[in-house]
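The values are calculated or read from the model by the stated rules, or taken from the named source; none is laboratory data. The structure displayed is predicted, hence computed values, not measured ones. Heads up, the Cβs are rebuilt from the backbone with ideal geometry, glycines too, and the neighbour counts pull from every protein chain shown.
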Amino acid sequence: MNRIEKTLSLSVVLITWCQTSVSAQAAPVSLTRLDCGTNTTPTDVGARMSDTYAFNGLKVQLTFSCYLVRHGDDYMIWDTGNPMTAGASAPKTSMVDLLAQLKVTPDQIKYVGISHYHGDHTGQVSSFPRATLLIGKGDWEVLNGPKAPGVNAEPFTNWVTGGGKVEPLPGDRDVFGDGSVVVLNTPGHTPGHHSLLVRLAGMGPVLITGDLAHFHENYDTNGVPTFNTDRAATLASLDRFKKIAANLKATVIIQHDARDIGKLPAFPAAAR
Ligand SMILES: [Zn+2]
């Protein structure tokens, strides 16, 4: 080995060592499910949840799930569920009170990621006025446009009026810049719908659907609800999401399907 070769091989060793030490120092990431309400009885999903008349008479227990992601010393909320005023399907405990049990205050939440503008995902967003709002650009434009059916802009007043920071997302967003928490562009249910990828050191990658699918049977058969804004976009998003799930060998969690609650440790425990 001549001197140049020796220098080169030493450099390779050093670069490899540096890369290893960077990944060894990566911020620890954890994921906690927060209960954000539950329907009192199983829902007949044949009625509105299939535009091909599938699932006639099938009843599925639907729930409302929110999540807390911890990345080092930073916190992110994913979806804010039903409001406390949602009657029988309202959360038993508010997100603020659930976070208090984890010794986390609303002011510590750096980002609040919203999968889409439907009221059962946005009900408690106004509890986090200091957080930067991450929301699909297509949904943000609807929230800022003329009043539309099924769109409740009121909880977003803080951000719509310029009182809080907002990042309207035209595509994916690598939230902490290290690939561990990525908001994925999965339009179709609404124009700017997004899903979430969280890569945990122990449990491995976790994919959280948003409303890309509401229950297992629709996910498994690429079913499309009657009220989605774009059928073709929904199918393309399902195709992408399923390929990511397969390539990463990810755990897929359908937020509304009560059968998926047990895929994460029960509150207050976190998946790591
Ligand atoms: Zn929805």
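A compact table of results
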read-out	value
The stretch 205-228 residues that are among the β-branched types (Val, Ile, Thr), paired with ones that are more than 16 Å from the ligand (Cβ to nearest atom) (beta carbon under 6 Å, 6 or more apart)	206/198; 206/251
Checklist (1) within 16 Å of the ligand (Cβ to nearest atom); (2) farther than 13 Å from residue 113 by Cα; (3) more than 17 Å from the chain's Cα centre (by Cα) applied to residue 156, failing item	(2)
Odd one out for residue 174 among (1) loosely packed, with under 13 Cβ neighbours inside 10 Å; (2) among the acidic types (Asp, Glu); (3) within 20 Å of residue 232 (Cβ to Cβ)	(3)
Filter pass, residue 74 being in contact with a Lys or Arg (Cβ under 7 Å, 6 or more places away or on another chain), within 25 Å of residue 264 (Cα to Cα) and surrounded by fewer than 17 Cβ atoms within 10 Å (Cβ to Cβ)	yes
Any pair with Cβ under 9 angstrom, 6 or more apart, that starts in the stretch 56-71 at a residue that is touching a residue at least 60 places away in the same chain (Cβ under 8 Å) and ends at one that is surrounded by fewer than 17 Cβ atoms within 10 Å (Cβ to Cβ) and part of a strand (DSSP E or B)	58/44; 60/44
Any chance residue 15 is more than 25 Å from residue 139 (Cβ to Cβ) and either part of a helix (DSSP H, G or I) or modelled with pLDDT of 95 or more (or both)	yes
Boolean, residue 192 is within 16 Å of the ligand (Cβ to nearest atom), under 29 Å from residue 61 (Cα atoms) and surrounded by fewer than 17 Cβ atoms within 10 Å (Cβ to Cβ)	no
Where residue 111 falls short, out of the listed (1) aromatic (Phe, Trp, Tyr); (2) closer than 19 Å to residue 255 by Cβ; (3) assigned to a loop (DSSP other than H, G, I, E, B)	(3)
Lone unmet requirement of (1) among the aliphatic types (A, V, I, L, M); (2) in contact with a Phe, Trp or Tyr (Cβ under 8 Å, 6 or more places away or on another chain); (3) free of Cβ contacts under 8 Å to residues at least 24 places away in the same chain for residue 100	(2)
Selection within the stretch 135-164 - of a type in the set (Gly, Ala, Ser) and under 19 Å from residue 120 (Cβ atoms)	136, 138, 148, 150, 153
Among (1) exposed (fewer than 14 other Cβ atoms within 10 Å of the Cβ); (2) among the aliphatic types (A, V, I, L, M); (3) over 13 Å from residue 187 (Cβ atoms); (4) touching a residue at least 12 places away in the same chain (Cβ under 8 Å) - the single one residue 246 does not satisfy	(4)
Scope the stretch 224-243; condition buried (at least 18 other Cβ atoms within 10 Å of the Cβ) and touching a Leu at 6+ places or on another chain (Cβ under 9 Å); matching residues	224, 234, 237, 238, 241
Residues located in the stretch 92-119, provided they are crowded, with 20+ Cβ neighbours inside 10 Å and over 24 Å from residue 143 (Cα atoms)	98, 99
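Condition check ((1) among the aliphatic types (A, V, I, L, M); (2) within 15 Å of the ligand (Cβ to nearest atom); (3) within 28 Å of residue 264 (Cβ to Cβ)) across all residues:
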position: 146; (1), (2), (3): no, no, no
position: 172; (1), (2), (3): no, no, yes
position: 180; (1), (2), (3): no, no, yes
position: 183; (1), (2), (3): yes, no, yes
position: 197; (1), (2), (3): yes, no, yes
position: 209; (1), (2), (3): no, yes, yes
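Yes or no, residue by residue, for (1) at negative phi; (2) free of Cβ contacts under 8 Å to residues at least 12 places away in the same chain; (3) assigned to a loop (DSSP other than H, G, I, E, B); (4) away from the ligand (no atom under 16 Å from the Cβ):
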residue: 93; (1), (2), (3), (4): yes, no, yes, yes
residue: 117; (1), (2), (3), (4): yes, no, yes, no
residue: 121; (1), (2), (3), (4): yes, no, no, no
residue: 138; (1), (2), (3), (4): yes, no, no, no
